[in-house]
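S.K.: Could you have a look at this structure, given as structure tokens, before my questions?
The values are calculated or read from the model by the stated rules, or taken from the named source; none is laboratory data. As the structure is a computational prediction, the values presented were derived from the model and not from experiment. As a convention, Cβ positions derive from the backbone with ideal geometry for all residues, glycine included, and neighbour counts pool all protein chains shown.
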Amino acid sequence: MVWQCIREWLTVVGRQRLARSGQSDQQKLKQKISTMRTCKRYTISGRVQGVWYRASTQERAQALSITGHARNLSDGRVEVIACGHVDMMDELEAWLWQGPPLAEVKHIEIVEIPARNIEGFHTA
């Protein structure tokens, strides 16, 4: 509920600011939103398989309105592809270092990737 109110307020404020400039609201809003969104690939090492890491990541990402997926890799790591608002991505990244209670995260490789249109957040 709080995030919905914040989003609505940001939309109104953004439209007011855009109206003062020369470009159309739609063009400016798309431009602003695209600069606020980012996509990253996280490769997490440590004890991250068999400890509900993917399911917990999915729950956290959905709570933050982040799209993407989490999947186990054959070498024991977990790969997370995540796309969302920069602030929410920062929150997810901090959470990935912690993980669920039984996880022991040793290292996270982080790579920014081109933006993707992904629906929802899935596990594989």
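S.K.: What single numbered condition from (1) under 12 Å from residue 120 (Cα atoms); (2) not in a helix (DSSP H, G or I) fails to hold for residue 62?
M.R.: (2)
Matching residues to (1) touching a helix residue (DSSP H, G or I) at 6+ places or on another chain (Cβ under 8 Å); (2) part of a loop (DSSP other than H, G, I, E, B); (3) buried (at least 16 other Cβ atoms within 10 Å of the Cβ):
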| site | (1), (2), (3) |
| --- | --- |
| 82 | yes, no, yes |
| 90 | no, no, no |
| 117 | no, yes, no |
| 122 | yes, no, no |
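S.K.: I would also like to ask the following. May I ask you to verify whether residue 8 is at pLDDT 95 or above and among the charged types (D, E, K, R)?
M.R.: no
S.K.: Across segment 64-76, what is the total count of residues that are more than 10 Å from the chain's Cα centre (by Cα) and either hydrophobic (A, V, I, L, M, F, W, C) or surrounded by 19 or more Cβ atoms within 10 Å (Cβ to Cβ) (or both)?
M.R.: Final tally of qualifying residues: 2.
S.K.: Quick one: what pairs do we get from segment 59-83, first residue not assigned by TED's automatic domain parsing to the domain that holds residue 111, second part of a loop (DSSP other than H, G, I, E, B) and surrounded by 18 or more Cβ atoms within 10 Å (Cβ to Cβ), C-beta under 7 Å, 6+ apart or different chains?
M.R.: If the second residue must be part of a loop (DSSP other than H, G, I, E, B) and surrounded by 18 or more Cβ atoms within 10 Å (Cβ to Cβ), no pairs are left.
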